[in-house]
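These notes concern the structure reproduced below.
The values are calculated or read from the model by the stated rules, or taken from the named source; none is laboratory data. Computed from a predicted model, the values in this text were never measured in an experiment. For neighbour counting, all protein chains shown are included, and Cβ atoms are generated from backbone atoms with ideal geometry for every residue, glycine included.
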Amino acid sequence: MTTEDFQAIASTVPKEPGVYRFIGPDDSILYVGKAKILRNRVASYFGERKDRLHRTRIMVRKAARIEFTIVETEADALLLENALIKTLQPRYNILLKDDKSYAYICIKKERFPRVFTTRNVVRDGSLYFGPYTKHGQMKDILALIRQLFQLRTCTLNLNETDILAGKFKVCLEYHIKNCKGPCVGEETEEEYNEKIEQIKNILKGNFAEVRRHFEGEMARLAESMEFELAQQIKDKLKSFKNYQSKSQIVSTTVRDVDVFGLAIDEKEAYLNYIKIVNGAIIHTTTQEITMNLDDDAESLLTYTIPEIRDRFNSISTEIILDEYIELPGVEAEVVVPKIGDKRKLLDLSIKNAKYMLLQRKKQRMNNANKETPAERILKTLQSDLQMDRLPMHIECFDNSNIQGTNPTASCVVFKNAKPSKKDYRHFNIKTVVGPDDFASMKEVVFRRYRRLRDENEPLPQLVIIDGGKGQLSHAMESIDELGLRGKMVVVGIAKRLEEIYFPEDSVPLHINKKSESLRLIQQCRDESHRFALRHHRNRRSNAMVGTELHEIPGIGDKTVQQLMAHFGSPKKVRQALASEIAEVTNLSTAKKIQDWYRSKDISGE
């Protein structure tokens, strides 16, 4: 995206806390970020900051669009950002893992794995969770893990042979009950790995599995009359629940659900989807829906929900909606909550859908009322020249000759204030002898507009003649002869003082030198001069190497160029067989060339 692209949508970006996503042209998510005020944060990517990272500039340049999800608080935005990054793994977020300013929690790949923090990612099969931008957050998670589970902290290589041989001794961590002594065989590898699996669940956000693990342990110990140990498990479960309440933006009572919020009006609809797995939001998106005349909310939801669930591989058995509907073929229960955490989720989803609907309407209104730079320039030109119509189609003429040789002219075309090069035309002067710019201008203007008139092609609103009163007067003679006066505005521009002349008006118009309309006229004039000069140079080059061929009746510049490119010189064309010349042109042209050379030989020239 460019700065201009963002400015076009800036007014539609919300001023609320939330999460933004930069989306690539292939719909891949490039980056996920959070913001207290979304509009301010997103706008910062398109400013003139010189300290912006190179990879950030690349990411912004590759993005095709930006999507938003609104939440209630800045804390909710942070938690949703973390959940989406872990699930979606956007390319430009993942790059942070090698940044020394961020830390990770590592579960080391080894017997009796250690759990520790690190800033170095080693590709040895170990698991890394993060990055954690706040040290306090990571410290709280590690403290919880160590409170819930007794893990080793030593760096010993606890292979089975050395443990059985009794090569290790317990350390202080064992005596203060922070470790169960796997180094001396007092804890089996299976028991230890069960704790590691629960730690993985915590770090992945699978809180339900961890909670069930502790509840099962507590029930087992109570059943075997080990009440003290059961109380310890109960205390750990309480600590875990306290941590979980800080780590989610939804209640622990909400498990695997799909939430759909719909915003609809007469012509369009937007459906927001929130996917929740194990109590954590792992995906959110808003889908635009094109409506037919007879569509209502129920028909839209019936059609769209199965498609979205299939796209995001949802297997949730519960769907939250604002009103009950039947969903044929969907193996899930439709729930319409009135209060509680599920209702809060539904309200959040509806809020995002309504916001998207209102902002797209606002964006369309802005685009309809917004004047493009080209429209602004053309309106200024229309005002300066006092034209009745907007000059969407402009044509400009220029002559080119040096010491009267190979006179040529050009006509360049501008449409919507931009060059339309496919419509450019150049002319070889046919009826004028010698360096007569006035007569040459009269000829090319006549030839140009006779053709447009005869072929019923649209005429330009504005014609610009490169030159003063003389060229303009001769151009108008052709316009009058064709009966086109009044059907288009014709002006001349004098090079010296950039004066604008009108037919039959001796007093020129002086447009402000800084005016955009004058710059457009100058651009047309300069482009016609460049185009005419290029064609004139080509003609002079051809004349220098192909004079003989140009003398042959019925042989034009294009044919001469083809012959010279193939044979290299007029002499070789003269010596060529008719069949050889016909391979470059055609048999009729080959016969004309050979007949002309034969007549020259007979006459002795």
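A few notes on this one:
- Considering region 492-518, and only residues there that are among the polar types (S, T, N, Q) and assigned to a loop (DSSP other than H, G, I, E, B), the residue that is nearest to Gln461 (Cα to Cα) turns out to be Ser515.
- Checking Ser473, Ser440 one by one, the residue that is touching a residue at least 40 places away in the same chain (Cβ under 8 Å) and either surrounded by 15 or more Cβ atoms within 10 Å (Cβ to Cβ) or not charged (D, E, K, R) (or both) is Ser440 and no other.
- Meets criteria (within 22 Å of Ser349 (Cα to Cα) and exposed (fewer than 12 other Cβ atoms within 10 Å of the Cβ)) for Asp76: no
- Residue-level analysis places Ser528 outside the set of residues that are surrounded by fewer than 17 Cβ atoms within 10 Å (Cβ to Cβ), within 45 Å of the chain's Cα centre (by Cα), assigned by TED's automatic domain parsing to the domain that holds Gln386 and at pLDDT 75 or above.
- Where helices (runs of 4 or more DSSP H) sit wholly within region 115-180, those with at least 1 residues that are at pLDDT below 90, among the basic types (Lys, Arg) and surrounded by 12 or more Cβ atoms within 10 Å (Cβ to Cβ) occupy 135-148.
- Flag if Glu307 is among the charged types (D, E, K, R) and touching a strand residue (DSSP E or B) at 6+ places or on another chain (Cβ under 8 Å): no
- Failed condition for Ile377, given (1) surrounded by fewer than 16 Cβ atoms within 10 Å (Cβ to Cβ); (2) over 24 Å from Val71 (Cβ atoms); (3) among the aliphatic types (A, V, I, L, M): (1)
- Region 242-268, subset farther than 20 Å from Ile308 by Cβ and part of a loop (DSSP other than H, G, I, E, B), residue modelled with the highest pLDDT: Asp265
- Between Glu318, Glu326, Glu333, Glu307, the distinction of being at pLDDT 85 or above, more than 23 Å from Ile70 (Cβ to Cβ), under 28 Å from the mean Cα position of the chain (by Cα) and not assigned by TED's automatic domain parsing to the domain that holds Ser517 belongs to Glu307 only.
- With respect to the stated conditions, Val432 fails to be under 37 Å from the mean Cα position of the chain (by Cα), within 30 Å of Lys558 (Cβ to Cβ) and β-branched (Val, Ile, Thr).
- Scanning region 553-605 for residues that are assigned to a helix (DSSP H, G or I) and among the polar types (S, T, N, Q) gives Thr559, Gln561, Gln562, Gln575, Ser579, Ser588, Thr589, Gln594, Ser599, Ser603.
- All conditions in (1) under 22 Å from Leu509 (Cα atoms); (2) modelled with pLDDT under 90 hold for Ile464, with the sole exception of (2).
- For region 206-228, taking the residues that are among the hydrophobic types (A, V, I, L, M, F, W, C), surrounded by fewer than 18 Cβ atoms within 10 Å (Cβ to Cβ) and without any contact (Cβ under 8 Å) to a residue 60 or more places away in the chain, the one that is nearest to Ala280 (Cα to Cα) is identified as Ala219.
- When we screen Ala417, Ala409, Ala368 for residues that are among the small types (Gly, Ala, Ser) and at pLDDT 90 or above, the only hit is Ala417.
- In region 1-43, the residues that are in a loop (DSSP other than H, G, I, E, B) and among the hydroxyl-bearing types (Ser, Thr, Tyr): Thr2, Ser28
- Of everything listed in (1) under 24 Å from Lys86 (Cα atoms); (2) in a loop (DSSP other than H, G, I, E, B), the single unmet condition for Glu48 is (1).
- Filter result (acidic (Asp, Glu) and exposed (fewer than 14 other Cβ atoms within 10 Å of the Cβ)) within region 478-510: Asp480, Glu504, Asp505
- If you go through region 371-392 and keep only what is at pLDDT 90 or above and among the hydrophobic types (A, V, I, L, M, F, W, C), you end up with Ile377, Leu378, Leu381, Leu385, Met387, Leu390, Met392.
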